[in-house]
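The values are calculated or read from the model by the stated rules, or taken from the named source; none is laboratory data. None of the values given here were measured: they were computed from a predicted structure. For neighbour counting, all protein chains shown are included, and Cβ atoms are generated from backbone atoms with ideal geometry for every residue, glycine included.
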Amino acid sequence: MRLQKQTSRRVGGRSYEKWVITLPGAIVSKLGWGEGIELDAEAQGELLILRKEMDGEEVEQPEKQNYEEFKKAVHEGLKGEREGLTWGQLREKQGLKQARPFHDWVRALEKDIGLIRQRKGTQIYWRLP
């Protein structure tokens, strides 16, 4: 196995990298995993623990927020913010823990609360309709 760094995109002279681990087919087969499954990762010291997510949901861990709490925090945080907030501003205002929001939750917020994400320069602002 090998850890590889790949450039995912370049924007305005800045490169954004992602990290890829290639697993041997025998291990993937033994685990019963297949292409496109969602994985949950956890670091414990120098160990990396990968788990298959159950039914598209993350493996339950007590310190993680559930979607309903996240939705309520985002909705409350954006109320009255006519110009919107960046993710960093919203995260700080509402005391949200995750560095980046879970992409499936963001898509659900677009449907559930009408979340609008709008690019202004290099920033993406979140706002309500």
Just to verify a result, which residue in segment 75-98, among those that are under 27 Å from Ile37 (Cβ atoms) and not polar (S, T, N, Q), is modelled with the lowest pLDDT? Lys97
Within segment 23-44, identify whether any single residue is loosely packed, with under 10 Cβ neighbours inside 10 Å, aromatic (Phe, Trp, Tyr) and out of contact with any Ser or Thr (no Cβ under 7 Å at 6 or more places or on another chain), and answer yes or no. no
Subset of segment 108-129, residues in a helix (DSSP H, G or I), touching a residue at least 12 places away in the same chain (Cβ under 8 Å) and either exposed (fewer than 11 other Cβ atoms within 10 Å of the Cβ) or not small (Gly, Ala, Ser) (or both), comes to Leu109, Asp112
Residue that is farthest from Tyr125 (Cα to Cα), among those in segment 76-97 that are of a type outside the set (Gly, Ala, Ser) and not in a helix (DSSP H, G or I): Lys97
So Lys30, is it closer than 29 Å to Thr122 by Cα and either β-branched (Val, Ile, Thr) or not assigned by TED's automatic domain parsing to the domain that holds Asp104 (or both): no
Which condition number does Ile37 fail, the rest of (1) among the β-branched types (Val, Ile, Thr); (2) touching a residue at least 12 places away in the same chain (Cβ under 8 Å); (3) not in a loop (DSSP other than H, G, I, E, B) being met? (3)
Might you let me know whether segment 99-107 holds any residue that is modelled with pLDDT of 90 or more and part of a loop (DSSP other than H, G, I, E, B)? no
